[in-house]
Amino acid sequence: MRDPFPFPPIPTLAKATQPWADRLSLPTLPLHVHEVIGAAALYTFVHVVVSPILSNLFFSKYYPKHSRSKKANWDTHVVSLVQSTLINVLALWVMYADKERAAMDWEQRIWGYTGASGMIQALACGYFVWDLGITLLNFDIFGFGLLAHAVSALVVYSFGFRPFLNYYSTTFILYELSTPFLNIHWFFDKLNMTGSRAQLYNGIALLVTFFGCRLIWGTWQSIEVYKDMWKAVHRAPTPEYIQSYYNTTRSTIDAENVMLFAAKPEPIPVWLALLYVASNLTLNTLNWYWFFKMISAVRKRFVPQDETKEEKSDLIAGKGEEKGAKSTATEQAKRSLIVNRHRRQNSIEDLIPDNEELREGTIQ
């Protein structure tokens, strides 16, 4: 499928990018550099203009106008909400509409390329360019952890311009399906809606999408990409295989040729495979770690019935022993603590880790 982006490559920009693309072995970069820059510009515009205007208009009471760190955090969550919603819709559409991508075999999943998948990859790179820039400008707020995440994500997605694993750029971007719900949960907290029914429903959606897209889908697709890369490290497509994808009866190469940029493919370097696997394993480990933290939170808040019964029994025994006597301040405090525990309403915060913890864990 050809690149469905509404604006074609800008010849001057593509020509200026070509020397860098040749030096870095990124032959498809000139075809998509305008999308990378456009996406970065769009998210910068949302951060600098759209978020302050709309937040002041609709949430003036809550928008942190006079705190640089809180304002930066608020605005970046707005950008993240916009980006994750947009990229999810586009990625799902590409997976449905791109027939060439759907028909790829393992060689094509490694060395192949379609314009539609290239667009998704470029838009993701544009977001990480913005992320890197905003993190550098506010390093004292976001810290080294988010800076490392921005750099590593940009580097990994840039490899797709080799092209390398262009097929999987759309596959793994679906990790972002849980991100809109994560951002909405954060905004519920800031709007004093913690524990509300709306936050409860959103939290359920967050847990379901997190488990489904990051753990089930993500783990399955990670196994698939490891299998493909294992083959690609040991052998490359044969010249006969590559030649079969070229139209030799015409003077121009067929634009629908998924192996267009693999005229002389070689087995992928071991360092590249190891770098990708290390990055993928790190992200998958974080995903499982955070999900088990969610399970632990659920067990801690909702399961321990025995502990509650023990506390109640201790209180009744204490009442029997001290019957007729004046309760001490310590006993009153103990009763108050237990009563408050029984009266406490469970909120969605009991179900999921705080959003700032998730950001520190590089779950964006």
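The values are calculated or read from the model by the stated rules, or taken from the named source; none is laboratory data. Note that this is a predicted model, so its numbers are computed, not measured. Neighbour counts run over all protein chains shown; Cβ positions are idealised from the backbone, glycine included. Each accessible area value is taken on the protein alone, full model and side chains, heavy atoms only, with ligands, DNA and RNA left out. Shrake-Rupley method; radii C 1.70, N 1.55, O 1.52, S 1.80 Å.
When you check Gln199 against the structure, is it more than 15 Å from Thr76 (Cβ to Cβ), part of a helix (DSSP H, G or I), at pLDDT below 90 and open to solvent by less than 10 Å² (accessible area, probe 1.4 Å), yes or no? So that I can check it myself, show each step before the final result.
On the way: more than 15 Å from Thr76 (Cβ to Cβ): yes; part of a helix (DSSP H, G or I): yes; at pLDDT below 90: yes; open to solvent by less than 10 Å² (accessible area, probe 1.4 Å): yes.
Considered against the rule, which asks whether it is more than 15 Å from Thr76 (Cβ to Cβ), part of a helix (DSSP H, G or I), at pLDDT below 90 and open to solvent by less than 10 Å² (accessible area, probe 1.4 Å), Gln199 comes out as yes.
When the stretch 61-114 is examined, which residues are found to be among the β-branched types (Val, Ile, Thr) and either out of contact with any helix residue (DSSP H, G or I) (no Cβ under 6 Å at 6 or more places or on another chain) or closer than 18 Å to Ala39 by Cβ (or both)? Reasoning before the result, please.
Narrowing the stretch 61-114 to residues among the β-branched types (Val, Ile, Thr): 76, 78-79, 82, 85, 87, 89, 94, 110, 114.
Passing the criteria: Thr76, Val78, Val79, Val82, Thr85, Ile87, Val89, Val94.
Could you list, in sequence order, all residues of the stretch 205-247 that are more than 30 Å from Ile110 (Cβ to Cβ) and touching a residue at least 24 places away in the same chain (Cβ under 8 Å)?
If we filter the stretch 205-247 for residues that are more than 30 Å from Ile110 (Cβ to Cβ), which is where we start, we get 205-208.
The answer is Ala205, Leu206, Leu207.
Look through the stretch 8-27, keep the residues that are open to solvent by 70 Å² or more (accessible area, probe 1.4 Å) and either modelled with pLDDT under 90 or of a type in the set (Val, Ile, Thr) (or both), and return whichever of them is nearest to Ile120 (Cα to Cα).
Per the criteria, the residue is Ile10.
I need the helices (runs of 4 or more DSSP H) fully contained in the stretch 54-151, keeping only those with at least 1 residues that are touching a Leu at 6+ places or on another chain (Cβ under 9 Å) and open to solvent by 10 Å² or more (accessible area, probe 1.4 Å).
Working: elements: 68-97, 99-102, 106-111, 115-137.
Once the helices (runs of 4 or more DSSP H) in the stretch 54-151 are filtered for at least 1 residues that are touching a Leu at 6+ places or on another chain (Cβ under 9 Å) and open to solvent by 10 Å² or more (accessible area, probe 1.4 Å), what remains is 68-97, 106-111, 115-137.
Look through the stretch 152-171, keep the residues that are in a helix (DSSP H, G or I) and open to solvent by 20 Å² or more (accessible area, probe 1.4 Å), and return whichever of them is modelled with the lowest pLDDT.
Step one: list which residues in the stretch 152-171 are in a helix (DSSP H, G or I), which gives 152-161, 166-171.
Within this subset, residues satisfying the condition of being open to solvent by 20 Å² or more (accessible area, probe 1.4 Å) are 152, 154-159, 167.
Details: Ser152: 78, Leu154: 86, Val155: 83, Val156: 81, Tyr157: 86, Ser158: 89, Phe159: 87, Tyr167: 93.
Once the filter is applied, the top-ranked residue is Ser152.
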